[in-house]
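**Student:** Handing you this structure, nothing more for now.
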Amino acid sequence: MALVRTAAHRPKGMRTLLAAVAVTVSVTAVGAESAGSAVAAPRSPAAASATAFGSAVDGDQFVPGLAKQKLGAKIAKIASSKVGSRCFTNQMCSTDWCGYFVKWVWQKAGVRHAGLLNGYAFSAVTEYAARYHSLSHTPHVGDLVVWKNSRYGRHHVNIVVWVSADKRLIRTIGGNEGSMNHRLSRVVKSAPFDWRKGRNPGSGLIDHVYKGFVRPAGA
């Protein structure tokens with residue numbers, strides 16, 4: 001019969017060695033489990049987006065996963081896709097088409113009741129904003145801004161596509177800009193400018209903001 005020694009019968013040195021080995025194995029197992037948990041831990045959507053697309057977003061960049069959730073960014077992206085284009089619908093090409101362009105963009109973006117815009121620049125204020133109480137004195141991306149030139153008795157409308165942090169500067173995109181001939185004019189994106197000074201780069205005239213900025217309902 002083989003002789004089986006219990007822990008009590010093992011020499012003291014052997015018991016000490018076995019105890020040390022057991023502690024080492026236990027610590028190693030805990031460390032491996034912690035490391036595995038750290039690797040497997042899911043990242044937040046914001047962290048994942050920042051890693052995949054970068055954290056900086058300016059007036060010309062749109063983070064795909066976030067922009068589609070924001071109506072203003074969607075409007076700006078659709079408007080940007082047409083920069084440089086001439087009139088591109090029969091309705092636009094038959095008249096001064098700034099009002100029809102902003103209507104087309106808002107409808108493409110899914111803005112509620114964008115059909116209230118009737119092609120006249122000032123209808124953004126007199127029809128849409130009047131119904132939805134969406135007039136604002138602070139610019140937001142996706143807003144319509146109507147310009148009035150009292151000297152010539154005319155209006156112009158375009159879309160705010162970028163706003164500086166202090167709300168003083170904006171960039172706009174508008175149709176029927178760059179020429180007084182509506183068949184030669186194009187969709188134009190402005191450089192940043194101070195909207196309070198009354199110079200609208202799109203029209204090329206000394207205009208003034210008419211009433212304020214018209215926000216899409218639900219934005």
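The values are calculated or read from the model by the stated rules, or taken from the named source; none is laboratory data. Note that the structure is a prediction, hence the values are computed from the model and not measured. Cβ atoms come from the backbone with ideal geometry, glycine included; neighbour counts cover every protein chain shown. To get the accessible areas, we keep the full protein, side chains included, count just its heavy atoms, and leave off ligands, DNA and RNA. Shrake-Rupley method; radii C 1.70, N 1.55, O 1.52, S 1.80 Å.
**Student:** Between R131 and R196, take the C-beta separation as r, use R0 = 22 Å, and let me know the FRET efficiency to the nearest 0.05. Could the numbers behind the result be given before it?
**Tutor:** Numbers: r = 27 Å, r/R0 = 1.21.
Once rounded, the FRET efficiency stands at 0.25.
**Student:** Report the calculated FRET efficiency for I206 and H113 (r = Cβ-Cβ distance, R0 = 30 Å), to the nearest 0.05.
**Tutor:** Values: r = 33 Å, r/R0 = 1.08.
Once the sixth-power term is evaluated, E becomes 0.40.
**Student:** So if each residue of separation counts as 0.36 nm, and I subtract the Cα-Cα distance between D166 and T89, what length gain in nm does that give? Don't jump to the answer; show the numbers that get you there.
**Tutor:** Details: separation 77, 0.36 × 77 = 27.72 nm, distance 3.69 nm.
Answer, rounded to one decimal: 24.0 nm.
**Student:** How much of W162 can a 1.4 Å solvent probe reach, expressed as accessible area in Å² and rounded to 10?
**Tutor:** About 60 Å², ignoring ligands and nucleic acids.
**Student:** What figure, in Å² to the nearest 10, do you get for the accessible area of Y152 with a 1.4 Å probe and non-protein molecules left out?
**Tutor:** So the heavy atoms of Y152 present about 130 Å² to solvent.
**Student:** Rounded, prolate or oblate, given the Cα gyration tensor of region 151-219, with a/c below 1.5 counting as rounded? Don't jump to the answer; show the numbers that get you there.
**Tutor:** Numbers: a/c = 1.56, a/b = 1.45, b/c = 1.08.
Prolate is the answer for region 151-219, as a/c is 1.5 or above and a/b outweighs b/c.
**Student:** What do you reckon, how do S134, S81 stack up by accessible area (1.4 Å probe), largest on top? Please list the in-between numbers first.
**Tutor:** Details: S134 15, S81 80 Å².
Largest to smallest exposure gives the sequence S81, S134.
**Student:** Can you give me the relative contact order of region 113-219 as a percent, contacts being Cα pairs under 8 Å and 6 or more apart? Numbers along the way, then the final one.
**Tutor:** Details: 215 pairs, mean separation 31.3, N = 107.
This gives 29 percent for region 113-219.
**Student:** With +1 on each Lys and Arg Cβ and -1 on each Asp and Glu Cβ, how big is the dipole of region 60-219 about its Cα centre, in debye rounded to the nearest 20? Present the calculation step by step, with values, prior to reporting the outcome.
**Tutor:** Numbers: 24 positive and 8 negative charges, 26 e Å.
Charge dipole of region 60-219: 120 debye, to the nearest 20.
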